[in-house]
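K.L.:
One structure follows; several queries about it will come next.
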Amino acid sequence: MIEIFNTISNIAKNLEKNVFVNCQNFIKPELSNEQIHQNVYQYCSNVIEKEFSLSKSVKAVVGKDRKGLDAKRQRTFRKKINENGKFLISYVAIDNVDLLDVNFSLGTIFGVYLNNFEADSLKAAIYITYGPTFQLIFASKDEGVKCFSFEHGEFVQKESLVLKDKGNINSPAGDMKTYSREHKELIQSFFDEGYRLRMSDSLCLDTHQILFKRGGIYSSPKTQKDPHGKLEVIFEAFPMAFIIEAAQGSAIDGQKRILDIKSPTIHQKTPIYFGSKKEIARVFSKLK
């Protein structure tokens, strides 16, 4: 696992310098938004896969935005790295390119799986926040959730992150006009109690807010537009649920625990609610 941590540290340094500090290399007036997105995703994915290609412990990697390409080229959704490796790596290269030119933090998400992409096989989950907040969050069952800040050219461990039973952050994702009546009432009930809105449209940053404020709720519900939810199970929901539970919080799809989802397909999506235990208990009670 130290090898994987060091690999992700190298990825973080590269992307912070070459994508976020020098974002003008990608954001050019003559390019369309689609071209900018494609160039950023391609660069980030290439860096991630190149760095992991040097790791003897990694068998294969699969990116959220690369799985279609790999399926056509290899008839599999994995890019093989080392046949003798034991870990499978899932990654989200960048969680919202649209925030790149407004100096918001956004991030990269990794899941470290053993043998298969099942929740029970997750051994660690990591995300990086770039820009104004350049940090690395590492979670494992044995060590809980650790925060590393970038100082003097390296990542230095700062603190362990543990959620309180109740918080005061409310991060509702999605388009409000597509919310169900039950979800609208749930979100409003938190605001009525004085919860503070924290919503950046970056999954990493919104998770970061809840972890560092020691509690609250993030919600990405099923909607009319996305009846099966919006977050991809293997790439987003499993890693973030793993991190939140390692911080002594909870993560559900509205009724059942996210990490109880069995045999997800590579494209499977889910609604998700995660954060402090009391907030998630209220979600369960409201949506049952």
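The values are calculated or read from the model by the stated rules, or taken from the named source; none is laboratory data. Computed from a prediction, not measured in an experiment: that's the story for all the values here. Here the Cβ is made from the backbone with ideal geometry for all residues, glycine too, and neighbour counts use every protein chain on show.
K.L.:
Being touching a helix residue (DSSP H, G or I) at 6+ places or on another chain (Cβ under 7 Å) and crowded, with 21+ Cβ neighbours inside 10 Å narrows it down to one residue among 234, 217; which is it?
P.N.:
217
K.L.:
Now, a different point. Mind checking which residues of the range 239-270 are of a type in the set (Val, Ile, Thr) and surrounded by fewer than 21 Cβ atoms within 10 Å (Cβ to Cβ)?
P.N.:
Scanning the range 239-270 gives 261, 265, 266.
K.L.:
Here's something else I'd like to know. Would you say residue 201 is closer than 24 Å to residue 96 by Cα, at pLDDT below 95 and among the acidic types (Asp, Glu)?
P.N.:
yes
K.L.:
Now a separate question. Consider only pairs whose beta carbons are under 8 Å apart and that are at least six residues apart or on different chains; among these, list those whose first residue lies in the range 34-55 and is over 13 Å from residue 89 (Cβ atoms) and whose second residue is surrounded by fewer than 17 Cβ atoms within 10 Å (Cβ to Cβ) and at pLDDT 95 or above.
P.N.:
47/14
K.L.:
Sticking with this structure for a sec: Among 88, 99, 136, which is modelled with pLDDT under 90, outside the structural domain of residue 256 (by TED's automatic domain parsing) and among the hydrophobic types (A, V, I, L, M, F, W, C)?
P.N.:
99 is the lone residue from the list that is modelled with pLDDT under 90, outside the structural domain of residue 256 (by TED's automatic domain parsing) and among the hydrophobic types (A, V, I, L, M, F, W, C).
K.L.:
Being among the aliphatic types (A, V, I, L, M) and not in a helix (DSSP H, G or I) is the filter here; which residues of the range 198-232 pass it?
P.N.:
Passing the criteria: 199, 217, 231.
K.L.:
Can I ask one more? Looking at (1) surrounded by 18 or more Cβ atoms within 10 Å (Cβ to Cβ); (2) closer than 14 Å to residue 109 by Cα, can you tell me which one residue 65 breaks?
P.N.:
Only one criterion in (1) surrounded by 18 or more Cβ atoms within 10 Å (Cβ to Cβ); (2) closer than 14 Å to residue 109 by Cα is unmet by residue 65, namely (1).
K.L.:
In the range 265-288, what count of residues is obtained for those that are modelled with pLDDT under 95 and assigned to a loop (DSSP other than H, G, I, E, B)?
P.N.:
So the answer is 4.
K.L.:
Picking from 194, 167, which residue would you name as being small (Gly, Ala, Ser), at pLDDT 95 or above and more than 30 Å from residue 138 (Cβ to Cβ)?
P.N.:
Sole residue among the options that is small (Gly, Ala, Ser), at pLDDT 95 or above and more than 30 Å from residue 138 (Cβ to Cβ): 194.
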